[in-house]
1. Tell me which residues, restricted to segment 222-249, are among the polar types (S, T, N, Q) and at pLDDT 95 or above.
2. Looking for whichever is among the hydrophobic types (A, V, I, L, M, F, W, C) and without any contact (Cβ under 8 Å) to a residue 40 or more places away in the chain here; the options are Ala221, Ala168. Which one fits?
3. Which number in (1) surrounded by fewer than 22 Cβ atoms within 10 Å (Cβ to Cβ); (2) under 24 Å from Pro128 (Cβ atoms); (3) at pLDDT 95 or above marks the one condition that Arg142 misses?
4. How many residues are in a helix (DSSP H, G or I), of a type in the set (S, T, N, Q) and surrounded by fewer than 22 Cβ atoms within 10 Å (Cβ to Cβ) when one looks only at segment 156-203?
5. In the list Ala189, Ala210, which residue meets the criterion of being within 14 Å of the chain's Cα centre (by Cα) and among the small types (Gly, Ala, Ser)?
6. Would you be able to say whether some residue in segment 90-97 is in a helix (DSSP H, G or I) and under 21 Å from Ser211 (Cα atoms)?
7. Would you mind stating whether Ala80 is in a helix (DSSP H, G or I), touching a residue at least 24 places away in the same chain (Cβ under 8 Å), surrounded by fewer than 22 Cβ atoms within 10 Å (Cβ to Cβ) and touching a helix residue (DSSP H, G or I) at 6+ places or on another chain (Cβ under 9 Å)?
8. Between Asp133, Asp165, which is of a type in the set (Asp, Glu) and under 13 Å from Phe198 (Cβ atoms)?
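The values are calculated or read from the model by the stated rules, or taken from the named source; none is laboratory data. Remember, predicted model here, so these are calculated numbers, not experimental data. Counting neighbours? That spans all protein chains shown, and the Cβs are built from the backbone with ideal geometry, glycine included.
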Amino acid sequence: MLVFSDILMCCAEVVAGSAAWLGRGLSCVCAQRRESDARPSFDLTPAQEECLQRLQNRIDVAYDSSIPEHQDALKALWNAAYPEEELRGLISEQWKEMGWQGKDPSTDFRGGGFISLENLLFFARNFPKSFQDLLRKQEGDRSVWEYPFAVAGVNITFMLIQMLDLEAVKPRSLVGATFLKFLADNEWAFDLLYCITFKLMDHQWLTMHASYMDFNTVMKATRRQLEKELLNEDIARLEDLPSYSLLST
């Protein structure tokens, strides 16, 4: 009989210099380049440039288990996820309950950095019902082999950074430029979009009757739907996205 650890085997590196940090079936869609990546950059307003720089500063922070702030954030995530269960340590078999690959979550943050932990914590604090529903797989007709919650969350952070081209000086796609308009109005726009995306991904997962090895296919479908919604001219703020309605507090 297969066990969870048999499935979570590291895959090949997805981009130069990146760590092989996600399980097989949970890695390669995010970093694939597309023809649209070659589009010319878009000019930004001073406000957009400032907001982008602040977000890039967050993206550049690697998770460091020796930093008290990072330790506290990880403990806070556990307490938000399992308020009635005491955490025995930052390195513990308990972390596998949340969907980390091993007993030390820090090894899974290499692909997403500290911001991926901040995203999960933002989700838990601002949309606790949706967070718990996804964590505990409480909605829909589920497959026997489900995606691991925490690792999927890090993957979503990485996918959004790639999709929105957030590491470039200027966005090189229309969807990236559109997102910066939302960011200029709401400094937590990336975190909010993360919550929307996670819920949308799970919705796609259920709609497609997906199982573990279908994760990349589900992520591709999620990305296409998210881009379509972001580029809708009638959308004035992220709360207007159709997928926002999937979230509940």
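1. Thr222, Gln225, Asn232, Ser243, Ser245
2. Testing whether each residue is among the hydrophobic types (A, V, I, L, M, F, W, C) and without any contact (Cβ under 8 Å) to a residue 40 or more places away in the chain leaves just Ala221.
3. Among (1) surrounded by fewer than 22 Cβ atoms within 10 Å (Cβ to Cβ); (2) under 24 Å from Pro128 (Cβ atoms); (3) at pLDDT 95 or above, the lone unmet condition for Arg142 is (3).
4. 2
5. None of the other options fit; the residue is Ala189.
6. Among the residues of segment 90-97, at least one is in a helix (DSSP H, G or I) and under 21 Å from Ser211 (Cα atoms), which makes the answer yes.
7. Criteria met by Ala80.
8. Selected residue: Asp133, the only one of Asp133, Asp165 that is of a type in the set (Asp, Glu) and under 13 Å from Phe198 (Cβ atoms).
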